[in-house]
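Participant: Okay, here's the structure, questions in a sec.
The values are calculated or read from the model by the stated rules, or taken from the named source; none is laboratory data. What you are looking at is a predicted structure, and each value in this text was computed from that prediction instead of being measured. When we count neighbours, we look across all protein chains shown, and the Cβ atoms used for this are built from the backbone with ideal geometry, even at glycine.
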Amino acid sequence: MNRVQDPAIGRIETETVVAAIDRALDTAGAAVAALEPGSLGAATLCAEWDVHTLLDHLVTVMYGSVAALSDITGDAELPEDVLGSDPHGAFATAAELDRAAWSRPDALERAVPTPLGELPGPSAALAHLLELTVHGTDLALAIGRPDLADDALCAALLEAVVGAGGLDPYRQPGWFDPAVPVADDAPDHLRLLAYTGRRV
């Protein structure tokens with residue numbers, strides 16, 4: 001089933017956040033599959049990042065999550081360019097490892113080291129879901145495929161993040177810029193990106 005186009009998603013809570021991560025990986029994967037040879041140099045909504053840099057970051061984030069959930073300490077032994085000569089394959093490998101790591105029975109029952117500090121499992125999962133969803137949407141827009149954005153997931157995620165306290169404590173360079181106003185009728189994927197500081 002192509003869950004990217006499936007609008008059915010409920011509230012994102014502890015019981016459903018891993019399924020939402022699974023869905024976000026599918027959504028980002030659809031955007032990666034749509035990459036064309038010349039699109040790696042395309043600009044993105046992330047300041048100073050092109051598609052190659054964005055995808056490299058996303059793959060690195062997934063490997064970092066896998067390491068955190070697997071009790072691997074220290075810096076992961078990753079090459080400077082984790083995409084190598086096969087960006088599609090690099091994403092697919094990292095995504096399957098990430099999917100498996102969050103599917104572990106104890107993934108939400110432990111404290112997880114993250115770039116935001118050590119967080120309880122459910123909070124770490126929500127932060128990871130935000131990273132996957134926002135960057136997957138960044139990627140879809142950068143390659144001119146807004147149809148690959150998952151509006152239902154973006155709407156549910158925005159509600160969950162605001163309900164968990166919002167991003168204001170993390171609005172600083174390198175993390176999140178101040179929220180940007182959007183039109184009342186803006187699609188949900190743009191509302192989420194604007195909330196994270198993208199100038200949509």
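Participant: Determine whether Ala186 is over 14 Å from the mean Cα position of the chain (by Cα), assigned to a loop (DSSP other than H, G, I, E, B), modelled with pLDDT of 95 or more and small (Gly, Ala, Ser).
Facilitator: Yes.
Participant: A further question follows. If you go through the stretch 90-142 one residue at a time, how many are crowded, with 23+ Cβ neighbours inside 10 Å and of a type in the set (D, E, K, R)?
Facilitator: So the answer is 2.
Participant: Looking at this structure, is Gly38 modelled with pLDDT under 95, farther than 28 Å from Pro173 by Cα, among the small types (Gly, Ala, Ser) and assigned to a helix (DSSP H, G or I)?
Facilitator: yes
Participant: Do any residues in the stretch 64-80 that are more than 17 Å from Glu118 (Cβ to Cβ) have Cβ atoms under 7 Å from those of residues that are surrounded by 13 or more Cβ atoms within 10 Å (Cβ to Cβ) and modelled with pLDDT of 75 or more, where the two are at least six apart or on different chains, and which pairs are they?
Facilitator: Ala76/Tyr63; Ala76/Gly64; Ala76/Ala67; Leu78/Thr60; Leu78/Tyr63
Participant: Given (1) crowded, with 17+ Cβ neighbours inside 10 Å; (2) part of a loop (DSSP other than H, G, I, E, B), identify the lone condition not met by Ala47.
Facilitator: That leaves (1) as the condition not met.
Participant: Return yes or no: is Asp56 farther than 17 Å from Ala124 by Cβ and either among the polar types (S, T, N, Q) or at pLDDT 95 or above (or both)?
Facilitator: For Asp56, the condition - farther than 17 Å from Ala124 by Cβ and either among the polar types (S, T, N, Q) or at pLDDT 95 or above (or both) - is met.
Participant: How many residues, within the stretch 149-166, are in a loop (DSSP other than H, G, I, E, B) and surrounded by fewer than 19 Cβ atoms within 10 Å (Cβ to Cβ)?
Facilitator: 3
Participant: Against the definition (closer than 29 Å to Asp168 by Cα, assigned to a loop (DSSP other than H, G, I, E, B) and in contact with a helix residue (DSSP H, G or I) (Cβ under 7 Å, 6 or more places away or on another chain)), how does Ala101 come out, yes or no?
Facilitator: Here the answer is no, as Ala101 does not meet what is asked.
Participant: Ala179 versus (1) touching a Gly at 6+ places or on another chain (Cβ under 9 Å); (2) outside any loop (DSSP other than H, G, I, E, B): which is the lone unmet condition?
Facilitator: For Ala179, the exception is condition (2).
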